[in-house]
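Colleague: Handing you a structure now.
The values are calculated or read from the model by the stated rules, or taken from the named source; none is laboratory data. Note that the structure is a prediction, hence the values are computed from the model and not measured. All Cβ positions, even for glycine, are placed from backbone atoms using ideal geometry, and neighbour counts span all protein chains on display. To get the accessible areas, we keep the full protein, side chains included, count just its heavy atoms, and leave off ligands, DNA and RNA. Shrake-Rupley method; radii C 1.70, N 1.55, O 1.52, S 1.80 Å.
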Amino acid sequence: MGSLYRSEEMAACQLFLQAEAAYASISELGELGLVQFKDMNPDLNSFQRKFVNEVRRCEEMERKLRFLEKEIARDQIPMPDPKEIPNSPEPREMILLETTFEKLEKEMNEVNVNATTLKKNFLDLTELKHILTNAQTFFDEAVLDQSQISEDSGHLLNDADGLQGLLQTLRLGFVAGVVLRERIPTFERLLWRSCRGNVFLRQKEIDTPLEDPNTGEEVMKSVFVIFFQGEQLKAKVKKICEGFRATLYQCPETANERREMAAGIQTRIEDLNTVLSQSLDHRHRVLVSIADDMKAWHMKVRKIKAVYHVLNMFNVDVTQKYLIGECWCAERHRSRIETALRTGTERSGSSVPSILNRMETTEHPPTYNCTNKFTKVFQSIVDSYGVAGYREVNPAPFTIVTFPFLFSLMFGDSGHGVLMFMAALAMVVMETKLMQTKSDNEIWNIFFGGRYIILLMGGFSIYAGLMYNDIFSKSFNIFGSGWYPHPQRYSEHTIDHHKDLTLDPTNNSDYRGHPYPFGMDPVWQMSLNKITWLNSFKMKISIIFGVSQMFFGVILSLQNSRYFRNSVNIFCEFLPQMLFLSCIFGYLIVLILYKWIAINATMSACAPSLLIDLINMFLLNYPLEPCSSAEFYDGQKSFQSFLLLLALVCVPWLLIAKPIILKRQHSKKQVQLLNNNDEFEGRKSTEINLDGETQTSKQKDGRKDSHTGHEEEEEFSFGEAFVHQCIHTIEYCLGCISHTASYLRLWALSLAHAELSEVLWNMVFRVALKMSGYTGLIAIFILFTPWAVLTIAILLLMEGLSAFLHTLRLHWVEFQSKFYKGDGYLFDPFRFDKIIEVSADD
Amino acid sequence: MTVPCCGPKCSAFCAIISFWGIIMLALLGIFFYIEAPALAEDLPIDEDVWAAGNYNYTYVSDLYKQVAVNCWIATGLYGATFIFSCIMLKINLRSSYSSS
């Protein structure tokens, strides 16, 4: 575990892998997850790379797996996650997997096609059966109707040949069929209209729904019989039936034939049912047998594909036997990586070892911060704003303390702090169990990911609440208040006849003489000027903490300059910045502390007004009236003028010194290079002059190769450097003032929080407490829940989120702008577990 | 009782709120009982009755005790709610375990 103070030292390495050992070595590195590969073939598209066939095979396997997954899901078989993640498979296992998947896919397809055919046959037979059962009733009805109409026939026609007789006498034809139930009305109407009422439709609904073989849905159908006379009507009827997608069936006219047919159909239906159920059973059994392996197979295929993607990034040696690649890795992980490579070589049975060779490069290395589960969230907060440059001071370890601290200044209520702490504690204690149940809920994931920071925020808030003496908007009196009304000044008579009285601390008249030892005196809760007093106090501590954090930021920039051996920055940026900040805001802090310590209540009429004094310092204005703006220590005028002068001197120092020194450094370097050239070539050129930068750079072009390890000097433009420094100066100086004022949000939010808490208590819970007797009891029981829910919703969630955001802003802007460059990129190693996690979300 | 009348989330929520209610109302009752001045503004003081009693302190003291007893009875009620919601939670867990 490296240090979090700066990012890890990275090494750019070249990797030589033998072609046989390549796959095994890369899969070992993938399990290790410590190496970031560089793409050596960025200008090749995916079809031109070496291992494109293997990748294609993997994608084909994935397609088959997806198909099988869909079939399994259709049968609603659960697919459990494998207990442990399988290791990356050997190349020969890939062929095995391919054949297995192909066999399974073929089998599934066959079974599905057969099932569809069987279902279609089943449907036909079922419909025919319904027609046959209902046909008898239709024909009977028809006969009855006809016999009623033709009364002159005299006798009822015999059942057995009733229909036949009828048909012969009237030369009626008929068709029987089945159609969707919802189409019957339109069907009937169309038949009536188109055949001009000369056809005769009888229909009956089928009670059981039938399954459509193609879609698998269940539909309701009806049986119908149409009687017509003549060939033309027959043709029309048939066309209309086609249009309505009604299936027509041959229905025999005699009852005997119908009975035989029905019996035959019944046996056929039973046979078909048996076959169908057996084939579905078989399908189900096959799916169940592979359901357990599905996820493991998926992971294996993904691993194979990932390894081939990485292999595609390598270059192939001329002899076609070696793969050469480049990678980034942490310096202290090199031995582990070499061990992994050796394991890979052994696994593949190759005899030639792989070589990891460190190389020098001018590229910027990636930033790699080794974090554990506790520091991960703080590092991610810093990285969200900008990833630290390589080996820059990492703000994350300081954030672990300053973030919850500034949050607690804005949130300061012990009761809410306890609630927050408990909630986070619950999440932390049940961590392992909660991590296994992967949730899709974004909000829950955010809260769970930040459980450690919420834990710290809650803990610090408990402390801040004790300092502000604010627990659910009430104060605790643990040690005895420092204020006590003097019995001689406050008789019963005085107290009875005055609504408000002012306690006077001068000369210990209403003051015990010693303050409340820890936190805010509880008497302030009941005083009318509580907010006025707390405002002054909270504003001053906000300024003190804010300026301290800014000082700390400037000191961190010193650490950066020292590490990168940038002495120009130390003299031209750090010193003027430090002086500027100290002279103005350091002095302000000293004044605040002085006012707190040296001024007591007897001097309160003429207590120095610090803000006015600061303004007067800048305006060099020292009035004698009013006494709060007058001088309050000897030599104040000269000392403050001196500080002002010092601060003003820092501005041009910050502005001009650095560009000038850089320009001189650059010219000196040019001269040095030219001298080296002259000595090397053994000739002197008379056209060289120190200002001719373009000439010298032209001459240097030819000598680029002879200066290895010395980067070609960019064109140094004094104008550009000056503008850059100008921006930096203005940003810093104006930023000092605006950021100091910005820290006042620590006061503003804590005021808002305290007021909200008090209002919630007064408006919701006090209503219950103010009722006496049994109504009070019921009211307390009923009103506690809404008070609790509103506390959680408004004060914990809304205010907590708000304070979190403001603390974040204070860190990102006010603190980090003093030293942080944030121009790096994250180290993104090749890791199997990350690939599997990412694709499991799809 | 096999059919829960609250779902799993509802019963968990009720359990947590009841637990908080028990602790907080018990402490509040104690603070009212020891006559903490911070809670003086929450008392159901009737100005006329107090003025009639010549602003003596026993009136306020009695009110303190009364509100304390109210809080403690409410604690007991929330205890009952807590037990009820815990039972609901157990029933919910059992039914979801058996159905899965």
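Colleague: Once every Cα of the range A:328-487 carries one equal point scatterer and solvent is ignored, give the base-10 log of I(q)/I(0) from the Debye formula at q = 0.20 Å⁻¹, two decimals.
Modeller: -1.22
Colleague: Hey, what did chain A get for relative contact order, percent, Cα under 8 Å, at least 6 apart?
Modeller: Relative contact order here is 20 percent.
Colleague: Report, to the nearest whole %, how much of the accessible area of the range A:214-296 belongs to carbon and sulfur atoms, 1.4 Å probe, protein only.
Modeller: Carbon and sulfur together cover 49 percent of it.
Colleague: Give the residue from A:Thr247, A:Leu210, A:Gly230 lying farthest towards the positive end of the charge dipole for the range A:199-247; charges sit on Cβ (+1 for Lys and Arg, -1 for Asp and Glu) and the dipole is referred to the Cα centre.
Modeller: A:Gly230
Colleague: Taking H placed 1.01 Å from N in the peptide plane, check which residues at least 5 places from A:Arg6 or on another chain put their amide H under 5 Å from its amide H.
Modeller: Long-range HN contacts for A:Arg6: A:Asn394.
Colleague: Let me ask another. Kindly state, to the nearest 0.05, the FRET efficiency for A:Thr339 paired with A:Ile85, given R0 = 22 Å and r defined as their beta-carbon distance.
Modeller: 0.60
Colleague: If you build the Cα gyration tensor of the protein assembly as shown and take the root of 5 times each eigenvalue, what three semi-axes come out, in whole angstrom, biggest first?
Modeller: 78, 55, 26
Colleague: Looking only at other chains, what is the average number of their beta-carbon atoms within 10 angstrom of each beta-carbon in B:34-43?
Modeller: Other-chain Cβ atoms within 10 Å of each residue's Cβ, averaged: 5.
Colleague: Can I ask one more? Label-point separation (nm) for A:Glu69 and A:Ser289, each offset 7 Å from Cα along Cα-to-Cβ?
Modeller: Using points 7 Å along Cα→Cβ, the separation is 2.3 nm.
Colleague: How much accessible area per residue does the range A:718-826 have, counting only protein heavy atoms and a probe of 1.4 Å, in square angstrom?
Modeller: I get 46 Å² per residue for this part.
Colleague: If one takes the longest principal axis of the Cα atoms in chain A, at what angle in degrees, from 0 to 90 and to the nearest 10, does the Cα axis of helix A:414-429 lie?
Modeller: Helix A:414-429 sits at roughly 50 degrees to that axis.
Colleague: Still on this structure, please answer the following. Distance check, please: which entries in A:Lys129/A:Lys238; A:Lys120/A:Lys236; A:Lys669/A:Lys821; A:Lys474/A:Lys499; A:Lys119/A:Lys300 exceed 32 angstrom between their Cα atoms?
Modeller: Over 32 Å Cα-Cα: A:Lys119/A:Lys300.
Colleague: Next question. Scaled to the compact-protein estimate 2.2 N^0.38 Å, what is the alpha-carbon radius of gyration of the range A:213-371, rounded to two decimal places?
Modeller: Its radius of gyration relative to the 2.2 N^0.38 Å reference: 2.37.
Colleague: Net charge around A:Leu29, counting only other residues with Cβ within less than 11 Å of its Cβ (Lys, Arg = +1; Asp, Glu = -1)?
Modeller: Every neighbour counted, the sum reads -1.
Colleague: Also: Short version: which residues of the range A:767-797 lose at least 50 Å² of accessible area, all chains versus chain alone, 1.4 Å probe?
Modeller: When all protein chains are present, A:Leu769, A:Lys770, A:Leu777, A:Ile780, A:Phe781, A:Phe784 each give up 50 Å² or more of accessible surface.
Colleague: Also, I was wondering about something else. Which aspartates and glutamates have a Cα lying under 18 Å from the Cα of A:Lys239, excluding residues fewer than 8 positions away in the same chain?
Modeller: A:Glu188, A:Glu231
Colleague: Nearest 0.05, what FRET efficiency do A:Ala296 and A:Ser3 give at R0 = 30 Å with Cβ-Cβ as r?
Modeller: Calculated value: 0.20.
Colleague: When N is the residue count of the range A:322-403, what does its C-alpha Rg come to as a fraction of 2.2 N^0.38 Å?
Modeller: In units of the 2.2 N^0.38 Å rule of thumb, it is 1.50.
Colleague: Given 4 °C and 1.567 mPa s, how large is the Stokes-Einstein diffusion coefficient of the range A:165-245 in µm²/s, with Rh as the Kirkwood radius over Cα pairs?
Modeller: For the chosen part, D equals 96 µm²/s.
Colleague: In addition: At 0.36 nm per residue, and after removing the present C-alpha to C-alpha distance, how many nm does the segment from A:Lys234 to A:Val651 gain when stretched out fully?
Modeller: 139.6 nm
Colleague: Take A:Gln636 and A:Ser481, extend 7 Å from each Cα along the Cα→Cβ direction, and tell me the distance between the two endpoints in nm.
Modeller: Once both label points are built, they end up 3.3 nm from each other.
Colleague: On the Cα set of the range A:426-483, report Rg and Dmax in Å, please.
Modeller: Both quantities, over Cα of the range A:426-483: 17.3, 56 Å.
Colleague: Right, next: Nothing charged except the Cβ atoms of Lys and Arg (+1) and of Asp and Glu (-1): what's the magnitude of the dipole of the protein assembly as shown about its Cα centre? Round to the nearest 20 debye.
Modeller: Dipole size: approximately 900 debye.
Colleague: For the range A:273-351 and the range A:362-392, what is the separation of their Cα centres, given in Å?
Modeller: 30 Å
Colleague: Take the Cα atoms of the range A:511-611, build their convex hull, and give its volume per residue in Å³.
Modeller: Spread over its residues, the Cα hull of the range A:511-611 gives 130 Å³ apiece.
Colleague: Could you compute how much accessible area chains A and B hide from each other, both sides summed, with a 1.4 Å probe? Nearest 100 Å² is fine.
Modeller: Accessible area lost upon association: around 2300 Å².
Colleague: How large is the Rg to Rh ratio of the range A:434-585 when both quantities use alpha carbon positions and Rh follows Kirkwood?
Modeller: My calculation puts Rg/Rh at 1.19.
Colleague: Moving on to the next point. On average, how many beta carbons from a partner chain sit within 10 Å of the beta carbon of a residue in B:15-22?
Modeller: For peptide B:15-22, the averaged partner shielding equals 3.
Colleague: In nanometres, what is the gap between the two model label sites at A:Tyr825 and A:Asn507, each 7 Å from Cα along Cα-to-Cβ?
Modeller: That separation, rounded to one decimal, is 7.6 nm.
Colleague: Taking every eigenvalue of the Cα gyration tensor of the range B:5-93, multiplying by 5 and rooting it, what semi-axes result, largest first, whole Å?
Modeller: 37, 11, 9
Colleague: Stokes-Einstein at 4 °C, 1.567 mPa s, Kirkwood radius from Cα pairs: D for the range A:182-296 in µm² s⁻¹?
Modeller: 72 µm²/s
Colleague: Expressed as a rounded percentage, what relative contact order does the range A:746-801 have, with Cα pairs under 8 Å and six or more residues apart?
Modeller: 38 percent
Colleague: Checking a compactness column here: for the range A:43-102, what do you get for Rg(Cα) / (2.2 N^0.38 Å), N being the number of residues?
Modeller: Relative to the 2.2 N^0.38 Å estimate, the range A:43-102 comes out at 1.41.
Colleague: Cα-Cα pairs above 16 Å in the range A:1-65: how many percent?
Modeller: Percent of Cα pairs beyond 16 Å in the range A:1-65: 68.
Colleague: Cβ under 15 Å from A:Gly513's Cβ, A:Gly513 left aside: what net charge do those residues give with Lys, Arg +1 and Asp, Glu -1?
Modeller: It works out to a net charge of -2.
Colleague: Write down the accessible area per residue of the range A:423-467 in Å², having rolled a 1.4 Å probe over the full set of protein chains.
Modeller: 60 Å²
Colleague: Next up: Helix A:376-385 versus the longest principal axis of chain A: what angle, 0 to 90°, nearest 10, using Cα atoms?
Modeller: Helix A:376-385 and the main axis of chain A meet at about 80 degrees.
Colleague: Running Debye on the range A:610-656 with equal point scatterers at the Cα sites and no solvent, what base-10 log of I(q)/I(0) appears at q = 0.15, 0.17, 0.24 Å⁻¹?
Modeller: -0.43, -0.52, -0.84
Colleague: Along the charge dipole of the range A:467-576, which of A:Ser527, A:Tyr516, A:Ser542 sits closest to the positive end, that is, farthest toward it, with unit charges on the beta carbon of Lys, Arg, Asp and Glu (+1, +1, -1, -1)?
Modeller: With unit charges placed on the Cβ atoms, the residue in question is A:Ser542.
Colleague: To continue, here is another question. Using the structure shown, select from A:Lys770/B:Lys9; A:Lys530/A:Lys595; A:Lys204/A:Lys234; A:Lys83/A:Lys433 the pairs with a Cα to Cα distance greater than 23 angstrom.
Modeller: A:Lys770/B:Lys9
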